[in-house]
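Contents: one structure, followed by commentary.
The values are calculated or read from the model by the stated rules, or taken from the named source; none is laboratory data. Note that the structure is predicted; figures quoted are calculated from it, not measured. Every residue, glycine among them, receives a Cβ derived from its backbone with ideal geometry; neighbour counts consider all protein chains shown.
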Amino acid sequence: MSRNALIDLPPTKLDVAVADVCAGIARPSFVRGIQVLTYLADEKPLLAAAALAWVFVRSTSDDPRLERGADQMLRSVAIAGVLPQWLVARERPDRVRVHGRRHCIPKSGNAWDSFPSGHAVHVGALAHAVTRMAPRHARRWVWPIAAALSGTRIVLLAHYLSDVLAGLAFGDVIDKVVGRQFDRAQNHKRQASKTRRAGLARV
């Protein structure tokens, strides 16, 4: 470990095996195409998409469920951006699993910010929120698309498999926690409203 962190987390054997396969199949044209897809899972595009969705819902919908869902989605994606990666030290596979020609495989971010995948955290938070808001027939496609977008980080050797799986799980948990906070706030408002009405009735 070459930096200070609370936890030194080496990759698993499966992580290394998957990374080596990705390094072996990498070719410039393939890598460039994957880079376009992985940009869609970046923090800025996802936050922009969540903000646009929030504006659209708030300006066109009278459905309290959708309005609350849009509020929760925007907050979850924003919180996902501040998840600390300095707690865990794991070197990115693009630094240690690429030998010889790189075939246009980029060097992503800080070398020791492999765990968890920040892209996957954002995607996981957004996927959980979208699953809650989407029409029933479309919900089954949300997580497969989220997994595919996050998986591009594995193909580019920016992250190991477990980095991405952990990121998706963390993002899912973030949206659930934010949802519970919204529930508590709504329950508090209802209780305060009942108390006010009871006080007026006694007057």
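Being modelled with pLDDT of 90 or more and surrounded by 21 or more Cβ atoms within 10 Å (Cβ to Cβ) is a property that Val173 lacks.
If I ask for residues that are over 12 Å from the mean Cα position of the chain (by Cα) and farther than 19 Å from Leu74 by Cβ, which ones from the range 119-150 would you list? Selection gives Pro135, Arg136, His137, Ala138, Arg139, Arg140, Trp141, Pro144, Ile145, Ala148.
So that you can scan it fast, the table gives a plain yes or no per residue for (1) of a type in the set (D, E, K, R); (2) touching a residue at least 12 places away in the same chain (Cβ under 8 Å); (3) under 23 Å from Ile25 (Cβ atoms):
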site	(1), (2), (3)
Thr38	no, yes, yes
Met73	no, yes, no
Ile79	no, yes, no
Glu91	yes, yes, yes
Ala129	no, yes, no
Pro135	no, no, no
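Among the residues examined, Ile25 does not qualify as in contact with a strand residue (DSSP E or B) (Cβ under 9 Å, 6 or more places away or on another chain) and either of a type in the set (Phe, Trp, Tyr) or modelled with pLDDT under 85 (or both).
Yes or no, residue by residue, for (1) farther than 28 Å from Asp163 by Cα; (2) at pLDDT below 85:
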{"site": "Phe56", "(1), (2)": "yes, no"}
{"site": "Asp62", "(1), (2)": "yes, no"}
{"site": "Arg68", "(1), (2)": "yes, no"}
{"site": "Gln72", "(1), (2)": "no, no"}
{"site": "Arg75", "(1), (2)": "no, no"}
{"site": "Gly81", "(1), (2)": "no, yes"}
{"site": "Pro84", "(1), (2)": "no, yes"}
{"site": "Val88", "(1), (2)": "no, no"}
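Of everything listed in (1) more than 13 Å from Leu126 (Cα to Cα); (2) at pLDDT below 90, the single unmet condition for Ala19 is (2). Taking the conditions (1) within 30 Å of Gly69 (Cβ to Cβ); (2) in a helix (DSSP H, G or I); (3) not hydrophobic (A, V, I, L, M, F, W, C) in turn, His159 satisfies each one other than (2).
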